[in-house]
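Readers should treat all values here as calculations from the given coordinates under stated rules, not as data from a laboratory. These figures come from a predicted structure and were not determined experimentally. With ideal geometry, Cβ positions are generated from the backbone for all residues, glycine too; neighbour counts draw on all protein chains shown.
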């Protein structure tokens, strides 16, 4: 039977590589920003008087953009610097979110919001293969499985943690009225 120390030694080896730790932290922050934006989106749409149909189109745009971006990201990761591509995709996603806020505040047609979230999704899709290529170039072969596991753990953690935290915050600050939940 393996000891706990033996089970975690591959993770310790991966985390001992400074460039990998920087990648993990950077991608974790980027993923957290994505999760927060997508968790806050329905609230923003409701406050602007937009319905579930608009939310559906926006989320579909994110999904389609992610698939398109993943295809493009696979090609870019082989031809360009994955680190530079990650910086560009994070910048594009941030600008897409700023554009979405501006569009919501100005009452622009919701089709433009769909376009902003298509760009956001493309940025997400492009970043994933580039992060994986960068991971392979940063870690020794025997630490790759642990490094990939750590990246996926962070991705899943922020996907649960930030929307759940936002949900609890909303419940505590805006509790539903009796009879409001069916």
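Starting with the highest mean, order 45-54, 110-119 by the number of other Cβ atoms within 10 Å, averaged over the residues of each peptide. Walk me through the numbers on the way to the answer.
Numbers: 45-54: 12.4, 110-119: 19.6.
Ranked from most to least packed, the peptides come out as 110-119, 45-54.
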Checklist outcome for this item: Given (i) 15.5; (ii) 13.1; (iii) 13.8 as possible values of mean projected area of the Cα convex hull in nm², the one from the coordinates is (iii)
Checklist entry - At a Förster radius of 35 Å, what calculated FRET efficiency corresponds to the Cβ-Cβ distance of residue 136 and residue 60, to the nearest 0.05? => result 0.65
Next on the checklist: For segment 12-48 and segment 63-126, what is the centre-to-centre distance using only Cα atoms, to the nearest Å?
Outcome noted: 15 Å
Item to check | Segments 13-20, 90-97, 74-81, 121-128 sorted - mean Cβ within 10 Å per residue, highest first | outcome: 121-128, 90-97, 13-20, 74-81
Item to check | Relative contact order (%) - criterion: Cα under 8 Å, at least six apart; region: segment 56-159 | outcome: 42 percent
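Can you compute the helix-only [θ] at 222 nm over the chain? Use -39500 (n - 2.57) per DSSP H run of at least 4 residues, normalise by all residues, nearest 500 deg cm²/dmol. Please list the in-between numbers first.
Numbers: 6 runs with 154 residues, N = 182.
Rounded to the nearest 500, it is -30000 deg cm²/dmol.
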Checklist entry - Quick one: if the Förster radius is 41 Å, what FRET efficiency do residue 48 and residue 3 give, using the C-beta to C-beta distance and rounding to 0.05? => result 0.15
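Figure the gain on full extension for residue 173 and residue 13 (residue separation times 0.36 nm, minus the Cα-Cα span) and round it to one decimal in nm. Intermediate results must be reported in sequence, preceding the final value.
Values: separation 160, 0.36 × 160 = 57.60 nm, distance 4.30 nm.
Taking 0.36 nm per residue and subtracting the Cα distance, the gain is 53.3 nm.
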